[in-house]
Amino acid sequence: MDSSSARPVNPAVQAVLEEIARAKQRAAERKREQETKVKEAGQYGVVKQADGSVVLRLPPAPEKPEPGDCCNSGCSPCIMDMYWDRMRAHKALVSRLEERYRRIIVNGGETDMKEEEA
């Protein structure tokens, strides 16, 4: 079957497909921006400063998709499902980092950073 005998695409279907493609493109752009922010921000977690003090640097929360990013077609995985998975992972990471920081503070800031990273 050559392209000249292809059936025309329903305009409504074409519009939905184009909107899905735009939503995916916006999500990919936001992901690249987030990755750039992470690289620029440096190290997250419990960081020992040059003066010996210990500070807690938390990673930013994942960016929530725009309302128009979800195509509402029931796809799997949905962009919203992926967002909530990332949010749960972020909250778990923040909890672990905060607990580690509390343990270090209780010990008066004394810790073997390599031991704590394990």
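The values are calculated or read from the model by the stated rules, or taken from the named source; none is laboratory data. The model shown is predicted, which means the values in this text are computed figures rather than measured ones. Cβ coordinates were reconstructed from backbone atoms using ideal geometry, including for glycine residues, and neighbour counts include every protein chain displayed. Heads up: the accessible areas ignore ligands, DNA and RNA and are worked out on the full protein's heavy atoms, side chains in. Shrake-Rupley method; radii C 1.70, N 1.55, O 1.52, S 1.80 Å.
Values for this structure:
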{"item": "Candidate residues ASP51, ASP69, ASP85: accessible-area rank, largest first, probe 1.4 Å", "result": "ASP51, ASP85, ASP69"}
{"item": "Rounded to the nearest 10 Å², the accessible area of VAL55 at probe 1.4 Å", "result": "40 Å²"}
{"item": "Coil-residue GluC sites (Glu not before Pro) of the range 48-105, DSSP, other Cβ within 10 Å capped at 15", "result": "GLU63"}
{"item": "Area accessible to solvent at LEU56, 1.4 Å probe radius, in Å²", "result": "50 Å²"}
{"item": "Net +/- balance of residues flanking GLN14 in space, Cβ distance below 13 Å, scoring K and R +1, D and E -1", "result": "0"}
{"item": "Heavy-atom accessible area ranking, 1.4 Å probe, most first, across LYS24, LYS64", "result": "LYS24, LYS64"}
